[in-house]
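Written out below as structure tokens is the structure these notes cover.
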Amino acid sequence: MSSTTVVASADEHRAVNPRSRVILASLVGTTIEFYDFYVYATAAVLVFPHLFFPASDPTTALLASFAVFGAAMVARPLGAIFFGHLGDKKGRKITLVGALLTMGIATFLIGLLPTYATAGWLAPTLLVVLRLAQGFALGGEWSGAALVATENAPPGKRAVYGTFPQLGAPIGFIIANGLFLIIAALMPSTDPSRPSDAFLSWGWRIPFLFSAVMVIVGLWVRFSLVESKAFENTVKRGGIQKVPLVAAFKSYWREMILGTFYMLATYVLFYLMTTFSLSYGRAATTAALPGLGYDYRTFVLMMIGGVVFFGIFTLVSGPWADRWGRRRTLIWITSAIALFGLAWVPLLSAGPVGVMAWLIIGFTLMGLTFGPMGALLPELFPANVRYTGSGMAYNVSSILGAAVAPFIAVALWSYGGGSPFWVGVYLAVMALFTLVALILGKETRDIDIHH
């Protein structure tokens with residue numbers, strides 16, 4: 001795709017949605033979506049191995065729970081195809097509403113599921129189905145939220161606006177884990193390796209059911225949106241594609257491949273610092289897979305402290321990417337991620353201060369690499385296939401990165417005899433793949449996305 005700047009009229013660049021509405025609509029949806037995903041991720045560590053995957057070997061139960069967690073990533077490209085088709089043919093607004101409803105209903109129903117003790121294998125089967133529905137919905141959510149932000153951004157501010165949907169990830173994490181902390185505190189356990197009976201009986205369901213309230217708020221905000229000028233211009237020109245997916249693969253296959261690998265290091269880092277780190281931080285030093293041995297409350301509070309840096313540096317990354325360009329900024333950040341992967345053992349061996357430094361550095365890098373993606377991936381594609389193209393790149397990368405990251409991490413953790421060394425090496429290698437893609441790609445900061 002040419003990166004030549006296209007001169008457009010002032011009317012074409014004029015945003016039809018007020019700044020506050022754009023920011024809130026792009027932020028609230030991804031906050032809800034990531035809240036739902038984090039609720040599942042936390043339950044995958046604390047609850048589901050006990051209630052849905054009973055096994056004599058706790059490691060096997062944990063791996064089974066993570067496998068279901070990863071199954072949602074497989075459904076995400078399907079969601080990207082479905083919602084991308086709607087978004088490129090019918091518009092961004094109605095598609096975003098549909099994605100949010102799908103995610104909210106699936107999450108709410110997880111909170112009503114029977115357990116293995118009462119329903120046998122029907123319980124994990126239903127969990128898999130609803131988890132797939134979550135992934136299907138998220139496949140259409142992110143790209144739509146990113147398009148709402150970037151297609152309504154003023155000139156020279158696309159990366160800044162593109163950070164707002166990204167900010168939903170740390171906010172969703174804090175809300176989800178904060179709610180779990182409150183519930184766990186109200187239902188304390190006498191066994192540090194296992195949640196209380198009350199928590200396992202019904203307490204874990206509260207965060208899933210609470211998502212219904214958040215979805216109602218998100219729908220109210222999104223129904224107030226006006227369709228973007230970029231999509232309206234495409235309609236006026238008669239540029240709507242009959243099958244956007246075919247058009248994207250035919251003319252922009254290179255951009256889809258590059259976009260997939262642009263996101264690879266981000267996804268691996270994201271899920272290692274959230275899902276895997278919670279398992280590693282809580283594992284007893286004397287267990288079959290020794291870890292840091294922190295109790296749940298202490299380690300989650302430490303993680304939340306790190307996630308604050310995630311949010312701060314997500315916002316910091318926007319002005320950097322607008323000033324220096326997406327490619328240059330991400331090359332430096334991805335190089336730092338590779339070095340961070342090689343520093344896991346010395347950091348995690350340095351006691352509580354080293355562990356906290358590990359969390360802060362990891363989540364800081366997460367914010368810096370995740371923030372620019374809200375602008376970079378949509379900029380790779382023209383308006384008539386942008387929803388589909390950016391969604392496919394983002395979500396295919398979820399299979400290569402996020403779907404397998406927790407599973408591979410636990411396997412490498414076991415292979416290393418409890419040492420995180422090989423898990424860090426895995427992150428470094430994935431960062432090198434992203435670095436190669438960035439070097440092969442082109443700068444997109446100065447293109448016009450209204451065509």
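Can you run down the residue pairs with Cβ atoms below 8 Å, 6 or more apart or on separate chains, where the first is in the stretch 131-156 and more than 21 Å from PRO77 (Cβ to Cβ) and touching a residue at least 40 places away in the same chain (Cβ under 8 Å) and the partner is surrounded by fewer than 24 Cβ atoms within 10 Å (Cβ to Cβ) and of a type in the set (Asp, Glu)?
Close Cβ pairs satisfying both conditions: GLY156/ASP322.
Report those helices (runs of 4 or more DSSP H) wholly inside the stretch 1-61 carrying at least 1 residues which are modelled with pLDDT of 75 or more.
Fully inside the stretch 1-61 and qualifying: 19-46, 48-51.
Quick grid of which residues meet (1) modelled with pLDDT of 95 or more; (2) buried (at least 16 other Cβ atoms within 10 Å of the Cβ):
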{"site": "ILE304", "(1), (2)": "no, yes"}
{"site": "THR314", "(1), (2)": "yes, yes"}
{"site": "ARG328", "(1), (2)": "yes, no"}
{"site": "PHE340", "(1), (2)": "yes, yes"}
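Filter the stretch 418-440 down to the residues that are touching a residue at least 40 places away in the same chain (Cβ under 8 Å), over 25 Å from ARG327 (Cβ atoms) and either surrounded by fewer than 21 Cβ atoms within 10 Å (Cβ to Cβ) or not aliphatic (A, V, I, L, M) (or both) and list them by number.
GLY418, SER419, PRO420, PHE421, GLY424, VAL425, listed by residue number.
Which residue pairs have Cβ atoms under 9 Å apart, sit 6 or more places apart or on different chains, and have a first residue in the stretch 263-288 that is farther than 18 Å from ALA431 by Cβ and touching a residue at least 24 places away in the same chain (Cβ under 8 Å) and a second that is in a loop (DSSP other than H, G, I, E, B) and among the acidic types (Asp, Glu)?
From residues that are farther than 18 Å from ALA431 by Cβ and touching a residue at least 24 places away in the same chain (Cβ under 8 Å), the pairs are ARG282/ASP295; ALA288/ASP57.
Of all residues in the stretch 290-301, how many are in a helix (DSSP H, G or I) and surrounded by 20 or more Cβ atoms within 10 Å (Cβ to Cβ)?
So the answer is 3.
Can you find, within the stretch 328-355, the residue that is farthest from THR314 (Cα to Cα) among those that are under 22 Å from the mean Cα position of the chain (by Cα) and aliphatic (A, V, I, L, M)?
ALA338
Can you go through THR285, THR275 and tell me which one is farther than 12 Å from SER397 by Cβ and surrounded by 24 or more Cβ atoms within 10 Å (Cβ to Cβ)?
From the options THR285, THR275, the qualifying one is THR275.
Considering only residues that are in a helix (DSSP H, G or I) and crowded, with 24+ Cβ neighbours inside 10 Å, which ones fall in the stretch 364-378?
LEU365, MET366, GLY367, LEU368, THR369, PHE370, MET373, GLY374, ALA375, LEU376, LEU377, PRO378, listed by residue number.
Have a look at ALA288, ALA230, ALA265, ALA283 and point out the one that is out of contact with any strand residue (DSSP E or B) (no Cβ under 7 Å at 6 or more places or on another chain) and modelled with pLDDT of 90 or more.
Sole residue among the options that is out of contact with any strand residue (DSSP E or B) (no Cβ under 7 Å at 6 or more places or on another chain) and modelled with pLDDT of 90 or more: ALA265.
Yes/no per residue for (1) at pLDDT 90 or above; (2) more than 23 Å from the chain's Cα centre (by Cα):
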{"position": "PHE108", "(1), (2)": "yes, no"}
{"position": "LEU113", "(1), (2)": "yes, yes"}
{"position": "TRP121", "(1), (2)": "no, yes"}
{"position": "PRO124", "(1), (2)": "no, yes"}
{"position": "GLU141", "(1), (2)": "no, no"}
{"position": "VAL148", "(1), (2)": "no, no"}
{"position": "LYS157", "(1), (2)": "yes, no"}
{"position": "VAL160", "(1), (2)": "yes, no"}
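How many residues are in contact with a helix residue (DSSP H, G or I) (Cβ under 8 Å, 6 or more places away or on another chain) and free of Cβ contacts under 8 Å to residues at least 40 places away in the same chain when one looks only at the stretch 180-198?
5
Specify which of the listed residues (GLY135, GLY144) is surrounded by 24 or more Cβ atoms within 10 Å (Cβ to Cβ), in contact with a Lys or Arg (Cβ under 6 Å, 6 or more places away or on another chain), within 21 Å of SER65 (Cα to Cα) and small (Gly, Ala, Ser).
Exactly one of GLY135, GLY144 is surrounded by 24 or more Cβ atoms within 10 Å (Cβ to Cβ), in contact with a Lys or Arg (Cβ under 6 Å, 6 or more places away or on another chain), within 21 Å of SER65 (Cα to Cα) and small (Gly, Ala, Ser), namely GLY135.
Return yes when PHE381 is buried (at least 24 other Cβ atoms within 10 Å of the Cβ), at pLDDT 95 or above and not in a helix (DSSP H, G or I) and no when it is not.
The answer is yes for PHE381.
Within the stretch 309-351, which residues are closer than 20 Å to ILE439 by Cα and of a type in the set (Ser, Thr, Tyr)?
SER317, THR329, THR334, SER335
Hey, could you check the stretch 189-207 for residues that are touching a Leu at 6+ places or on another chain (Cβ under 8 Å) and closer than 15 Å to PHE108 by Cα and say which is surrounded by the fewest Cβ atoms within 10 Å (Cβ to Cβ)?
This residue is ILE206.
In the list THR95, THR125, which residue meets the criterion of being surrounded by fewer than 17 Cβ atoms within 10 Å (Cβ to Cβ) and part of a helix (DSSP H, G or I)?
THR125
Quick test for you: out of LEU167, LEU186, pick the one residue that is more than 21 Å from PHE108 (Cβ to Cβ) and buried (at least 20 other Cβ atoms within 10 Å of the Cβ).
When all the criteria are applied, what remains is LEU167.
Return a yes/no flag: does the stretch 424-442 have any residue that is modelled with pLDDT of 95 or more, at negative phi, in contact with a Phe, Trp or Tyr (Cβ under 8 Å, 6 or more places away or on another chain) and not in a helix (DSSP H, G or I).
Yes, some residue in the stretch 424-442 is modelled with pLDDT of 95 or more, at negative phi, in contact with a Phe, Trp or Tyr (Cβ under 8 Å, 6 or more places away or on another chain) and not in a helix (DSSP H, G or I).
Would you say GLY178 is at pLDDT 85 or above and under 25 Å from SER20 (Cβ atoms)?
no
Give just the number: which of (1) small (Gly, Ala, Ser); (2) farther than 28 Å from PRO406 by Cα; (3) in contact (Cβ under 8 Å) with a residue 40 or more places away in the chain; (4) surrounded by fewer than 20 Cβ atoms within 10 Å (Cβ to Cβ) does ALA212 not satisfy?
All conditions are met except number (2).
The values are calculated or read from the model by the stated rules, or taken from the named source; none is laboratory data. Just so you know, these numbers come straight off a predicted model, no measurement behind them. FYI the Cβ positions are ideal-geometry reconstructions off the backbone, even for glycines, and counts take in every protein chain you see.
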